[in-house]
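**Q** Can you keep this structure in mind? I'll have questions shortly.
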Amino acid sequence: MLNMDFSKRVYFDTNLMEWQTSPSAGVARKPLAREDKESGHATSVVRYDKGASFTRHEHPFGEEILVLDGVFSDETGDYPAGSYIRNPPGSGHSPLSVDGCVIFVKLCQFQDEDLQHISVNTCTSKWRQGIGGLAVMPLHEHLHEHTALVKWPAGEVFQPHRHYGGEEIFVISGIFCDEHGKYPTGSWLRSPHMSQHHPYVEEETVIWVKTGHLITE
C-alpha cells in the first residue's frame, strides 16, 4: 500500500519522481496513492508513449481522468489536454494515444450511486466568478464531494479555511502556495478531513481541486 492513510497530509512534486513501468509496453506511471499493485484505489500520473495502448479493462468502481498533455483516446473519442473525464462504475474501455499523452488518473474512488458519465473540455468551457478574484470551473459534484478547476490571479490571497472531508489538489500551471510551502506545476497535495491552511499565489495559477471525499470518521 502507498499513502492510504487519509488522516495524513501528503505532498509530491511529480516532476521529481521517476517513471515506473506498467503491465503495458509504452505506458509508464508515477504512483501517488495505491491500495494494491494492480487493483483497488489508485491515484497516479500516467504517460502513454507515441502509439502506446492499454488492453481493454473494466472500471468496477469508476475512473476519473484529467488530461495534462497530448491527446488521450479510446473507443468513445479523442480527448485533448484539458479534458476531464469520469467513467462510472461498470464502464470499460481500451485506451491509447496516437501521439503520446500524460494524464492524472484516479481509480476506484467513486461514491455509491455516483453513476454519471462526464466529459468536459476545460479549454472551451466557461469560468465562473468565485470568491474574491478567483475564477471557478465546476467539473463534478455528488453529495458532499466537489471537483473543479480554480484560477488564481497573480497576488491573490485566500482566507484561512478548513477542509471538511479533506482537500486534494493537482497544480496545472503556476505555483500554488500556503504557509506549509510552495508547490510548482505538477505538484499533488492531499490534506485530511478538517485540516486548515492559508493559501495564496504570487503568479497566475490554475489548480484542479477536489473536496469532501476524504472523511475517515
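Taken together, the values in this text are just the output of simple stated rules run on the coordinates, not laboratory data. All values derive from a computational prediction rather than experimental measurement. When we count neighbours, we look across all protein chains shown, and the Cβ atoms used for this are built from the backbone with ideal geometry, even at glycine.
**Q** Which trypsin sites (Lys or Arg not before Pro) from the stretch 28-63 combine a DSSP loop assignment with at most 13 other Cβ atoms within 10 Å?
**A** Here the sparse-neighbourhood loop sites are 37, 50, 56.
**Q** Next question, about the same structure. Any idea how many Lys pairs in the chain come in under 25 angstrom at the alpha carbon, given 8 or more places apart or on separate chains?
**A** Taking the chain as the scope, the lysine pair count is 22.
**Q** Okay, moving on. Identify the trypsin sites (Lys or Arg not before Pro) of the stretch 114-217 meeting these criteria: DSSP loop state and at most 12 other C-beta atoms within 10 Å of the C-beta.
**A** Here the sparse-neighbourhood loop sites are 126.
**Q** Please work out how much length the chain gains when fully extended from residue 134 to residue 21, using 0.36 nm per residue of separation minus the C-alpha to C-alpha distance, in nm with one decimal. Don't skip to the end; give the middle numbers.
**A** Numbers: separation 113, 0.36 × 113 = 40.68 nm, distance 3.82 nm.
Net length gain for the segment: 36.9 nm.
**Q** Using the count of nearby Cβ atoms within 10 Å as a rough guide to exposure, how do 76, 185, 55 rank from fewest to most?
**A** Ordered by Cβ neighbours within 10 Å, fewest first: 55, 76, 185.
**Q** Right, next: Of 172, 65, 118, which is the most mobile in a GNM of the chain whose springs link Cα atoms less than 10 angstrom apart?
**A** Comparing 172, 65, 118 in a Gaussian network model of the chain, the most mobile one is 118.
**Q** Looking at the stretch 134-201, which GluC sites (Glu not before Pro) are DSSP coil and have at most 11 other C-beta atoms within 10 Å of their C-beta?
**A** When the GluC sites (Glu not before Pro) of the stretch 134-201 are filtered for loop state and at most 11 Cβ neighbours within 10 Å, 179 remain.
**Q** How many nm separate the modelled label positions at residue 56 and residue 91, each set 7 Å beyond the Cα in the direction of the Cβ?
**A** Each label point lies 7 Å from its Cα, and together they span 1.7 nm.
**Q** For the chain, what proportion of DSSP beta bridges, expressed in % and rounded to the nearest 5, is antiparallel?
**A** Counting only bridges with both partners in the chain, antiparallel ones make up about 100 percent.
**Q** Which net charge results for the neighbourhood of residue 101, defined as the other residues with beta-carbon distances under 11 angstrom from its beta-carbon, given Lys and Arg at +1 and Asp and Glu at -1?
**A** Numbers: positive: 47, 50; negative: 49, 69, 78, 99.
Surrounding charge for residue 101 is -2.
**Q** Sorted by mean Cβ packing within 10 Å, highest first, what order do the peptides 80-89, 18-27 take?
**A** Top of the packing list down: 80-89, 18-27.
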